[in-house]
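The values are calculated or read from the model by the stated rules, or taken from the named source; none is laboratory data. This structure is a prediction, so every number in the text was calculated from the model and none was measured. All Cβ positions, even for glycine, are placed from backbone atoms using ideal geometry, and neighbour counts span all protein chains on display. Keep in mind that these areas ignore ligands, DNA and RNA; they rest on the heavy atoms of the full protein, side chains included. Shrake-Rupley method; radii C 1.70, N 1.55, O 1.52, S 1.80 Å.
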Amino acid sequence: MAISEKNRKILWGKSGNRCACCKIELVAEKDNKDINLNLGEECHIISSKNKGPRHKKFLDDYDAYNNLILLCRNHHRMIDEKFETYTEDYLHKIKADHEKWVKLTIDKAIKGNSNNSQKLLKRLTSGKELIDIVNGMGASEFDHDELKNEKEVELIGSFLQTLRDWGDLIGMGSIETQQIVEIGFNLTKDLKEIENLGFMVFGDARKARITNDQKDNLGVWKIATIVVKRSDNPEIINLIDVVEQI
Ligand SMILES: [Zn+2]
Ligand SMILES: [Zn+2]
């Protein structure tokens with residue numbers, strides 16, 4: 001039997017994609033882009049093989065989440081070679097401690113982000129979400145990761161410019177609903193193109209009191225934040241997988 005997709009997801013999610021021993025970041029598959037990352041190994045705490053490490057007979061399911069621990073290649077080799085040190089109980093403890101550490105780290109990141117300027121932004125996957133953010137914005141904070149070639153500059157530059165333009169126009173109420181639906185549809189297509197180039201788009205909207213240089217109160221404005229990040233940017237945290245399982 002093989003490890004099910006569900007068990008694999010739980011294991012990777014709860015482990016925060018990191019080795020339970022050294023906490024190094026791991027990937028499920030490697031391509032040319034992540035030469036600095038290590039391949040993760042889904043290791044068995046109790047081996048199903050007669051002469052395998054920590055073997056016990058008649059386990060219900062050797063591939064169950066409970067019998068797996070996510071490790072880097074080095075630590076996988078270590079726990080299997082030194083199986084007398086790395087006993088079943090000890091590995092369960094390493095795994096539990098590691099999962100606790102991941103949860104704490106993420107909880108802290110969420111808390112820290114909610115009350116200072118470095119916020120956690122939501123990933124945007126539809127034109128409708130984009131329009132809801134830019135609609136009626138008084139100010140915008142648009143940003144993107146460094147762009148590497150003409151194609152990226154063109155696509156992402158024009159995407160952000162389009163958002164800016166439509167945000168202004170829709171906010172002024174000068175566009176009909178039917179047209180807004182069309183704009184949303186086209187923005188969804190743009191998003192797909194950007195994602196195909198290896199980027200993800202994040203954003204949110206907030207209200208803030210704005211003052212000018214003379215500290216005059218200019219009222220409460222809607223501020224739209226749109227950020228285009230490379231999908232391998234380490235700032236991106238996959239909360240879904242982790243939160244789902246906690
Ligand atoms: Zn390791
Ligand atoms: Zn092993």
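Computed quantities for the displayed model
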{"quantity": "Checklist (1) in contact with a helix residue (DSSP H, G or I) (Cβ under 6 Å, 6 or more places away or on another chain); (2) at pLDDT 95 or above; (3) of a type outside the set (Val, Ile, Thr) applied to residue 56, failing item", "calculated": "(1)"}
{"quantity": "Pairs, first outside the structural domain of residue 142 (by TED's automatic domain parsing) in the range 178-203, second open to solvent by less than 10 Å² (accessible area, probe 1.4 Å) and among the hydrophobic types (A, V, I, L, M, F, W, C), C-beta under 9 Å, six or more apart", "calculated": "none"}
{"quantity": "All positions within the range 80-96 that are assigned to a helix (DSSP H, G or I) and open to solvent by 70 Å² or more (accessible area, probe 1.4 Å)", "calculated": "81, 89, 90, 93"}
{"quantity": "Residue pairs meeting the criteria (Cβ under 6 Å; at least 6 apart or on separate chains; first more than 19 Å from residue 26 (Cα to Cα), in the range 57-85; second open to solvent by 100 Å² or more (accessible area, probe 1.4 Å) and away from ligand 1 (no atom under 16 Å from the Cβ))", "calculated": "63/1"}
{"quantity": "In the range 9-42, residue nearest to ligand 2 (Cβ to nearest atom) [restricted to those that are in a strand (DSSP E or B) and open to solvent by 30 Å² or more (accessible area, probe 1.4 Å)]", "calculated": "41"}
{"quantity": "Breaking point among (1) within 13 Å of ligand 2 (Cβ to nearest atom); (2) open to solvent by 30 Å² or more (accessible area, probe 1.4 Å); (3) of a type in the set (Ser, Thr, Tyr), for residue 65", "calculated": "(1)"}
{"quantity": "Near pairs, Cβ below 6 angstrom, 6+ apart or cross-chain, from the range 4-31 (closer than 11 Å to residue 102 by Cα) to any residue that is open to solvent by 20 Å² or more (accessible area, probe 1.4 Å) and among the β-branched types (Val, Ile, Thr)", "calculated": "20/94"}
{"quantity": "Count - residues of the range 91-108 that are closer than 18 Å to residue 236 by Cβ and of a type in the set (A, V, I, L, M)", "calculated": "2"}
{"quantity": "Test: residue in the range 164-185 that is in contact with a strand residue (DSSP E or B) (Cβ under 7 Å, 6 or more places away or on another chain), of a type in the set (A, V, I, L, M) and modelled with pLDDT of 80 or more", "calculated": "no"}
{"quantity": "Pairs, first among the aliphatic types (A, V, I, L, M) in the range 36-50, second surrounded by 17 or more Cβ atoms within 10 Å (Cβ to Cβ), C-beta under 6 Å, six or more apart", "calculated": "45/67; 45/69; 45/91; 46/54; 46/67"}
{"quantity": "Residue check, residue 163 crowded, with 16+ Cβ neighbours inside 10 Å and farther than 16 Å from residue 136 by Cα", "calculated": "no"}
{"quantity": "Among residues of the range 68-79, those that are open to solvent by less than 50 Å² (accessible area, probe 1.4 Å) and outside any strand (DSSP E or B), counted", "calculated": "4"}
